[in-house]
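Trainee: Have a look at this one before I ask anything.
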Amino acid sequence: MNASPAILIVCERDSLFREALRNFLLAAGYAEVQVAATLREALTKLRCQCYGYILIGVSIPFARGRRLAAIARRRQPEAKMLFLVSAQDQPFARNASCEYVIKEYAFSNLLELM
């Protein structure tokens, strides 16, 4: 995998998954991967930094994830946005017509989408 200059942010409540994904992306060659555990923390970081990729962990009913995505799209329309959803929430993500990765398979599928 080629190193990428894009700065990423992973917005995910689950600390183990969030840190594992951060470490995976760093090992894949991304030079800077920031993390946010809460909506508030993510919004603060979005005000201060431009990102190439915004990865948003969501669960049903998607309210906070959708809110964050809407704000992020207004502030950083050039950033690529991906939702991280659990396998059980996949039908809802499919109906939301957004680009998503299933968390359980994120490590094998994510780099193909980026």
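Trainee: Out of the residues in the range 71-114 that are modelled with pLDDT of 85 or more, aliphatic (A, V, I, L, M) and part of a helix (DSSP H, G or I), which is surrounded by the fewest Cβ atoms within 10 Å (Cβ to Cβ)? Give the derivation first.
Mentor: Here is the first cut: in the range 71-114, the ones modelled with pLDDT of 85 or more are 71-84.
Add one more test, that the residue is aliphatic (A, V, I, L, M), and what stays is 71-72, 79, 81-82, 84.
Then keep just the ones that are part of a helix (DSSP H, G or I); that gives 71-72.
On the way: ILE71: 15, ALA72: 20.
Per the criteria, the residue is ILE71.
Trainee: Any idea how many residues of the range 27-61 are aliphatic (A, V, I, L, M), outside any loop (DSSP other than H, G, I, E, B) and in contact (Cβ under 8 Å) with a residue 12 or more places away in the chain?
Mentor: Keep residues of the range 27-61 that are aliphatic (A, V, I, L, M), which gives 27-28, 31, 33, 35-37, 39, 42-43, 46, 54-56, 58, 60.
Subset that is outside any loop (DSSP other than H, G, I, E, B): 27, 31, 33, 35-36, 39, 42-43, 46, 54-56.
From what's left, in contact (Cβ under 8 Å) with a residue 12 or more places away in the chain: 31, 33, 35-36, 39, 42-43, 46, 54-56.
Total satisfying the criteria: 11.
Trainee: Check the range 52-66 and report whether any residue there is buried (at least 16 other Cβ atoms within 10 Å of the Cβ), at pLDDT 90 or above and touching a helix residue (DSSP H, G or I) at 6+ places or on another chain (Cβ under 8 Å). It would help to see each step written out before you state the result.
Mentor: Within the range 52-66, the subset buried (at least 16 other Cβ atoms within 10 Å of the Cβ) is 52-59, 62, 64-65.
Still in the list and also at pLDDT 90 or above: 52-55.
Okay, now just the ones that are also touching a helix residue (DSSP H, G or I) at 6+ places or on another chain (Cβ under 8 Å), so 54-55.
Checked against the condition, which is being buried (at least 16 other Cβ atoms within 10 Å of the Cβ), at pLDDT 90 or above and touching a helix residue (DSSP H, G or I) at 6+ places or on another chain (Cβ under 8 Å), the range 52-66 yields at least one hit.
Matching residues to (1) among the hydrophobic types (A, V, I, L, M, F, W, C); (2) surrounded by 15 or more Cβ atoms within 10 Å (Cβ to Cβ); (3) at pLDDT below 95:
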residue	(1), (2), (3)
MET1	yes, no, yes
ALA6	yes, yes, yes
GLU12	no, yes, yes
SER15	no, no, yes
ARG18	no, yes, yes
TYR30	no, yes, yes
GLN34	no, yes, no
ALA37	yes, yes, yes
ARG40	no, no, yes
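The values are calculated or read from the model by the stated rules, or taken from the named source; none is laboratory data. Nothing here was measured: the structure is a model prediction, and the numbers come from that model. With ideal geometry, Cβ positions are generated from the backbone for all residues, glycine too; neighbour counts draw on all protein chains shown.
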